[in-house]
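Input: a single structure, listed below in structure tokens.
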């Protein structure tokens, strides 16, 4: 069922158009920042509407790619970009756009390098949406690679990373993964002499050693995006140090690309010769979860705790992907959608609070006594994050966890401990800030968010709660 | 009698350039108030006329020893186009520095004539004479507006080349003795009928190594970074582009027309040189702080990549290396255009730290730098990605997976050098106030960026033409 409108192309291009608008603005004028911010919000909202419309043109389910659009990019060598979606990728797109919208919300308060930040964030959205809609190996790789540039620029321009070496290490590590995928794509392309649909990768028959090397290359490429032990620190040192909410959200969306890579390649397409990797990936995954959960517990910086929470959950989803069935993939999609919204909201509100604390030179202890609106919003999102029945994460994580328990009880229990540690450290931080304030009321003046901000975050919370009852609540019938 | 029987149409491009040279000389000696613009204008019209005649009479021959075809025309047009861009930017430099430009324009035109002839000749002695003349002129060009160090570098370059030139002359002598003449067809036939022996191998190697020294491939690169960084900017930009195109085109022509029967013996040495160039290019670019030297090493690295595919001399795969060459030359010319824009208090900036934080004062210049660098890095949708993919695809088709891995690893290490430049331009604090940038330089940059990003818009027509010409 193909509609007349090229939905997928539009979804990918609209952020680019928004970025071009912002780029054309003159930064010196007073109205520039509100205008640029409004353009960015409008761009994201327009894309959200398109994504919601796209849901009406597809049948719900995982793996049956629909709304297919193919564009010839180059004739020689022939490269076609094929876009297609299923409910799973549309859900992720919805989650990503909502997360960036939440991250963008307070951007109007950050005046330094606002223009390039908005431009690169929108460029990042284009590449990320292209990545989630890519239906063939070549498009998949192109967007996998291209998103590194806006990410690098966003991190560098934020100025939050004092050690430049950390940015270089982070970027080169990610680039290493991309180059591995490039090698794999070239081998696949050359083998068939044209690009291959993601679902057909397993039909490519290579010699046994070649097959194993190819799949190892692909797996390492995806792992390079996830803060996996022993290289977790290379990503953690950057992701956890980012203070700007938009940059923090964008940077922490990167592991999702690795997860998505595994989702698209693992369940049906990995041949038996490469299936032995599963055990190693599981062991590494569980060790990483533990390490990172401990990082969250030990570190006093709230950003580390959020980073630990985000990463532990990402790896949990990864373990879910490795289950020997793909019947839970849609559950993972529902869960990921809620998770993206939750982490973006927590990161955004926390960055707002940290910014206020720094500006007023206050200590975090008891600060929420003077910020009831922030406190209310954060309470909803943190409680949803730790697993209370407030979002789609509750039921769907339970389903995935039950399957994991059934498959490998030790892995499941260790994952549970790591998830509990990450949740505990987040909750502890929240309660510390919620405790009675040690300083007089006039010290904390006008710190709370404005009513429009409250409305925005409560709307996001409403979307979250609706997803608890029915993740696809917006679909008729 | 000779002229009456000659097909003068085949020489028209070169004649146009020679005519311009005469006009330049006359203007220099007899015209009052000559400015750099005078010489540039003459050169510009000459290049236009040469391009037009090269295009119109693309298949005119002068006997068997001077032939034009689509292939030679393509490279002549590329050389003229790049030379025109170099001349235009050089004009800005000469005007701003208030220096005499006659020598530069005259020598550059002479070099173009020599390379243009060299592309069309089919005789090894003619080729040698033309290439050595071009080289001599290049050395003289290096001495244009040069300081003491520049002069010394030029002379060192000249003396270093002598053994290679003499060896090449011996090689041609040996081959012409073997074949009974120095025509490409005769030598090719002789090579086909002879079995490889030590002297034959040495004769072919001498010819090849002479070319590799002049193009600057490792391990014959040792003077190149200094040669590119020490002369004045117009000379530096001219020698970074024109000789590379010329030697590349001549090398392919020789390999196809002369050395095809024996080329398999040179595959491994060429591959070693290519990989060595990549390694030295990466190490050099990462350790340098002088901008022109950084990009001299970047050029060496990219040359290594081009030669990694060229080494196999599979005619069907030449397209990949050619597209890669064009893509990196486009990006590199963007960077050189930026060098003309990076000026503070009248002085052109050479050091990396001088350009720190320029994104704040000159966002367009910074953006252009970013685009050129990501094209060199090979990120989609830039032209660099198209080049890299075409080249790697060709190598994968030859089942040379290890070379694909080496190139990708090289790209990864080279990325560090590019990221360092991006970091300085975008993330560091501003250190210097830049002068106003000429509108002409912005125009050049714009055209360059359009061409560099052209790959994003499916340039199938352009690429199809290129492919037909190459075939």
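Overview of values
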quantity	calculated
Peptide-level mean, for B:360-371, of C-beta atoms on other protein chains within 10 Å	1
Cα gyration tensor shape of region A:289-477, rounded if a/c is under 1.5, else prolate or oblate by comparing a/b with b/c	oblate
Reference-scaled alpha-carbon Rg (2.2 N^0.38 Å with N residues) for chain B	0.95
Packing rank of B:43-53, B:205-215, where each peptide gets the mean count of other beta carbons within 10 Å, highest leading	B:205-215, B:43-53
Spin-label zone in region B:11-54 - amide nitrogen under 18 Å from a point set 7 Å from the Cα of residue B:61 along the C-beta vector	B:11-12
Stokes-Einstein translational diffusion, the protein assembly as shown - Kirkwood Rh over all Cα pairs, 0.890 mPa s, 25 °C, in µm²/s	81 µm²/s
Label-point separation, residue A:200 to residue B:429 (7 Å along Cα→Cβ), nm	5.7 nm
For A:473, B:125, A:74, B:93, order by how many other beta-carbon atoms lie within 10 Å, fewest first	A:473, B:125, A:74, B:93
Cβ-derived FRET efficiency at R0 60 Å, residue B:151 paired with residue A:327, nearest 0.05	0.20
Sequence of A:179, A:76 once ranked by neighbouring C-beta atoms within 10 Å, starting from the fewest	A:76, A:179
Evaluated at q = 0.06, 0.10, 0.11 Å⁻¹: base-10 log I(q)/I(0), Debye formula over Cα of chain A	-0.25, -0.71, -0.87
Those residues of region A:184-228 whose amide nitrogen sits under 15 Å from the label point placed on residue A:72, 7 Å along Cα→Cβ	A:194-195
Order of B:258, A:201 - criterion: other Cβ atoms within 10 Å of each residue's Cβ, fewest first	A:201, B:258
Between region B:33-60 and region A:77-121, the alpha-carbon center distance in angstrom	50 Å
Pairwise centroid distance, computed over Cα atoms, of region B:260-326 with region B:115-179, Å	21 Å
Listed peptides A:38-49, A:308-319 by packing density, highest first (mean Cβ within 10 Å)	A:308-319, A:38-49
Where labels lie 7 Å past Cα in the beta-carbon direction, separation of residue A:394 and residue A:191 in nm	4.6 nm
Alpha-carbon centroid distance for the pair region B:358-419 / region A:1-55, whole angstrom	29 Å
Average partner coverage of A:110-121, which counts Cβ from other chains inside 10 Å	1
Pairwise label distance in nanometres, residue A:301 with residue A:55, each label 7 Å out on the Cα-Cβ vector	3.7 nm
10 Å Cβ neighbours from other chains, averaged over peptide A:70-77	6
Chain B - mean residue ellipticity at 222 nm from DSSP helices (-39,500 (n - 2.57) per run, n ≥ 4, rounded to 500)	-25000 deg cm²/dmol
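Rule-based calculations on the coordinates, nothing more; no lab input. Please read these numbers as outputs of a predicted model, since none were measured by experiment. Cβ sites come from the backbone with ideal geometry, for glycine too, and all protein chains shown count toward neighbours.
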